[in-house]
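The values are calculated or read from the model by the stated rules, or taken from the named source; none is laboratory data. None of the values given here were measured: they were computed from a predicted structure. Neighbour counts run over all protein chains shown; Cβ positions are idealised from the backbone, glycine included.
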Amino acid sequence: MDVVLKAIANPEALRSQCLVVPILSEGKLSKVAKTLDKMNGSVIQSLIKRGDIKGGLNETLLIPAVSGIAAERILLLGCGEGKKLSPATIRKLLGTALRTLGQNEITDATLFLDNISVAGKDSGWIAGQVALIGGDQNYRYTRTLSHPRKSPLIKRITLACEPNKILRSAVTEGKAIANGMNVAKELGNLPGNICTPTYLASEAKALAGQYKTLTTRIIEEKKMAELGMGSLLSVTAGTDQPAKLIVMEYKGAAKGQEPHALVGKGITFDSGGISLKPGSKMDEMKYDMCGAASVLGTMAAIAEMKLPLNVVAIIAAAENLPNGSATKPGDVVTSMSGQTIEVLNTDAEGRLVLCDALTYAERFKPKSVIDVATLTGAVIVALGRHASAIYSNSDAFAAELLNAGEDSGDRAWHMPMWDEYQPQLDSKFADIANIGGPEGGSITAACFLSRFTKKMRWAHLDVAGTSFHGGANKGATGRPVGLLTQYLINQSKLA
Ligand code: BES
Ligand code: MN
Ligand code: ZN
């Protein structure tokens, strides 16, 4: 979707499939609504009088061609008070407007946001959100449908404004984030029989083929064994699909500059292993690679934007199945760090692949490391599906990620990871157990990872609740590509 920034002096004369025009609470007309109303003998005023639209948040009314106005339609958009809207409110409003356009098969529209302001955000932020939300909505899953439903995409949104450099770069960022989210959604939605570890590896290679700043290298199981990745390998022991450790490097800055590292959980299907999951909703465990997908999507976004920094992505891709060679509860494995782990539950496999990937990340001497994982069901109990959980060994780092989430509309919450929780991971037969009991399950999962990241500025995002939806609206969301990309944008501006 293209976003065109343009000053529009005479909205009545504009040829467009649709003009999107704000109406404020108590039926007050925005500036552009007033202008249009004058040109067509007060159609808008009379619709308001009749009660067809009152101006409340997210009300819509689509008016077909009216005399005196060149555009084919007007979409009246209720914007409430209009002033100092919260970022979440305007995101919802933009979502409503763009969705209504889509539902009416309008592919090219002009958006007026006069009389609208957002608390703490400038017009650049709003322009970026238009590009982001529009691009996000322009995703359709079709890959495994023999007769995909035809639904046209929005081709172009013209945003009425005084264009400048800041607005233009915000639009570029918003577009890149949306594209990255769509990369993540597609990988997430693909079924486990297509999206295997081998498939993820080939997609990472394909991405590197698209940008000369990106390179991809695959570490095979034999090499993993040489590296001592006994923990990662214990997860893939029960499947015929070979595990892959995918290493992608993005070079946007000087060679010697230390990279930021992103580490993704890429379990392409999580049956639970010998600690088998119940059958209902087990299909949703094809989404257990959404952390990895978001890392790939973020790499695509930063390559697209040509961010001036270095980033390394490490994806631990494996399938968790229970064949005759599978790891059993009670087995003890040795991680690449040398620490031994008692596998009390083979369904706590995410941390087992991540710990070795995190140890591997050390060799890049990263400025920061963020791992992203659909790690626990417990995080959904704690935070629901609106916020990703942030854990970190640096409160300042956690705060930076929290801000990046607020900024991109991809929100997260900082969780505690106090030492008091650590004894839940004590084991009689190894240095650490892979589960910490029923209490604070997302926290003890983070505590587990913290044992492997002491030498780095590290954060962990538990995205089990945010990266996909189950049930009737089943589908990947593309989160937390927004948060991750925004964090890297912010870092590139500091440098
Ligand atoms: N992939 C799951 C976590 C998950 C659950 C993701 C629901 C998305 C939605 C993870 O590997 C897992 O099975 N975790 C266990 C941990 C437990 C055995 C300590 C869980 O959450 O039940
Ligand atoms: Mn599991
Ligand atoms: Zn899992």
Q: Report whether or not Thr268 is assigned by TED's automatic domain parsing to the domain that holds Thr198 and either over 18 Å from the mean Cα position of the chain (by Cα) or within 13 Å of ligand 2 (Cβ to nearest atom) (or both).
A: yes
Q) For residues in region 43-64 being of a type in the set (S, T, N, Q) and surrounded by 14 or more Cβ atoms within 10 Å (Cβ to Cβ), which is farthest from Ala88 (Cα to Cα)? A) Gln45
Q: Could you look through region 359-392, keep only residues that are aromatic (Phe, Trp, Tyr) and more than 19 Å from the chain's Cα centre (by Cα), and pick out the one that is nearest to ligand 1 (Cβ to nearest atom)?
A: Tyr360
Q) Hey, among the residues in region 179-238 that are acidic (Asp, Glu) and assigned to a helix (DSSP H, G or I), which one's nearest to Asn138 (Cα to Cα)? A) Glu186
Q. Would a scan of region 468-475 turn up a residue that is under 12 Å from the mean Cα position of the chain (by Cα), under 16 Å from Leu187 (Cβ atoms) and in the same structural domain as Met229 (by TED's automatic domain parsing)?
A. yes
Q) Which of (1) more than 16 Å from ligand 2 (Cβ to nearest atom); (2) touching a residue at least 40 places away in the same chain (Cβ under 8 Å); (3) over 23 Å from Gly192 (Cβ atoms) does Leu344 not meet, given it meets every other one? A) (1)
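Per-residue answers, yes or no, for (1) touching a strand residue (DSSP E or B) at 6+ places or on another chain (Cβ under 7 Å); (2) buried (at least 20 other Cβ atoms within 10 Å of the Cβ); (3) outside the structural domain of Gly266 (by TED's automatic domain parsing); (4) in a loop (DSSP other than H, G, I, E, B):
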site	(1), (2), (3), (4)
Ala389	yes, yes, no, no
Phe397	yes, no, no, no
Lys428	no, no, no, yes
Glu439	no, no, no, yes
Leu488	yes, yes, no, no
(Q) I'd like the full set of residues that are within 16 Å of ligand 3 (Cβ to nearest atom) and assigned to a strand (DSSP E or B), limited to region 317-338. (A) Ala317, Ala318, Glu319, Asn320
(Q) Here is a check on your reading of the model: is Gly409 touching a residue at least 40 places away in the same chain (Cβ under 8 Å) and at positive phi? (A) yes
Q) Filtering region 451-478 down to residues that are buried (at least 20 other Cβ atoms within 10 Å of the Cβ) and not hydrophobic (A, V, I, L, M, F, W, C), which residue is farthest from Cys290 (Cα to Cα)? A) Thr453
Q. Does any residue of region 375-388 turn out to be over 30 Å from Met282 (Cβ atoms) and either touching a residue at least 40 places away in the same chain (Cβ under 8 Å) or away from ligand 2 (no atom under 16 Å from the Cβ) (or both)?
A. no
Q: Consider Gly272 carefully, then state whether it is at pLDDT 95 or above, out of contact with any helix residue (DSSP H, G or I) (no Cβ under 7 Å at 6 or more places or on another chain) and within 16 Å of ligand 1 (Cβ to nearest atom).
A: yes
Q) Among the numbered criteria (1) at pLDDT below 95; (2) in contact with a Lys or Arg (Cβ under 7 Å, 6 or more places away or on another chain), which single criterion is violated by Thr198? A) (1)
Q) Between a first residue in region 208-226 that is more than 23 Å from Val311 (Cα to Cα) and in the same structural domain as Lys306 (by TED's automatic domain parsing) and a second residue that is among the small types (Gly, Ala, Ser) and in a loop (DSSP other than H, G, I, E, B), which pairs have beta carbons less than 6 Å apart while being 6 or more apart in sequence or on different chains? A) Glu221/Ala243
Q) What about Val332, is it at pLDDT 95 or above, surrounded by fewer than 24 Cβ atoms within 10 Å (Cβ to Cβ), over 17 Å from Ala464 (Cα atoms) and of a type in the set (Val, Ile, Thr)? A) yes
